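These notes concern the structure reproduced below.
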Amino acid sequence: MSKGHVYVLGVAIIVVILTIASQVPMTLEPHLSKVSYTDSENPASWVGRDESLRANFSGHFYVVITRSFDKIRLWITPREGARTLYIRVVVKREFLNALYLEVEPPWYGKVEISREKDPEGMTYLIQVKDLGEAGEGTYELTFLDRAPEERLLMWVTVEVQDGLFKYKGTLSTVVLEPFMPPNCTG
């Protein structure tokens, strides 16, 4: 085999590997930081009243969750130049009709919401799907929690396209009832 054929074969192999790698999202772990306006001793991944949980997924995207009285807010922001492909939020709680959702996508996006009952309570599936230029800015999801319970479990999964590659990560958190006293872990 000549040098030219080896070079072409090597380039073809690299192109195939990059193509396959760009279609399979790399899973990222969140790096958590917390801002609390009280003397909270709750675990780092828990969000109480007047607290903000920030998750950095290796700089490819960021998720911020805040709890303020009857509102739970999520901000999902891709790195500049990246695009959010989808957001999936699962909320486990007992009350069926006590949680309402408002979504403000940055451009245009289609939002699909479904609920399922299971032994642990209610599961809300919220998917923000890309339609053309959607996904290039911050999404704000506001849950209006009209009948708060002691705590609810929330899993936020995000997938972004950053250049040739896709990145995916999940943040799991416990959101406390807004009137629960500080330093109460259950």
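The values are calculated or read from the model by the stated rules, or taken from the named source; none is laboratory data. All values derive from a computational prediction rather than experimental measurement. So basically every Cβ, Gly included, is an ideal-geometry build from the backbone, and we count neighbours across all protein chains shown. Remember, those area values only see protein heavy atoms, side chains included, never the ligands or the DNA or RNA. Shrake-Rupley method; radii C 1.70, N 1.55, O 1.52, S 1.80 Å.
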Could you count how many residues in region 68-103 are over 30 Å from Pro25 (Cα atoms), part of a strand (DSSP E or B) and in contact with a strand residue (DSSP E or B) (Cβ under 8 Å, 6 or more places away or on another chain)?
3
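For region 13-66, which strands (runs of 3 or more DSSP E) that fit wholly inside it have 3 or more residues that are more than 19 Å from Ile87 (Cβ to Cβ) and not basic (Lys, Arg)? Don't jump to the end; show me each part of the working.
Working: elements: 26-28, 31-36, 51-57.
So the answer is 31-36.
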Inspect all residues belonging to region 134-149 and state whether any of them is part of a loop (DSSP other than H, G, I, E, B), at pLDDT 80 or above and within 20 Å of Lys34 (Cα to Cα).
yes
Just checking, does region 61-68 include any residue being open to solvent by less than 10 Å² (accessible area, probe 1.4 Å) and of a type in the set (Lys, Arg)?
yes
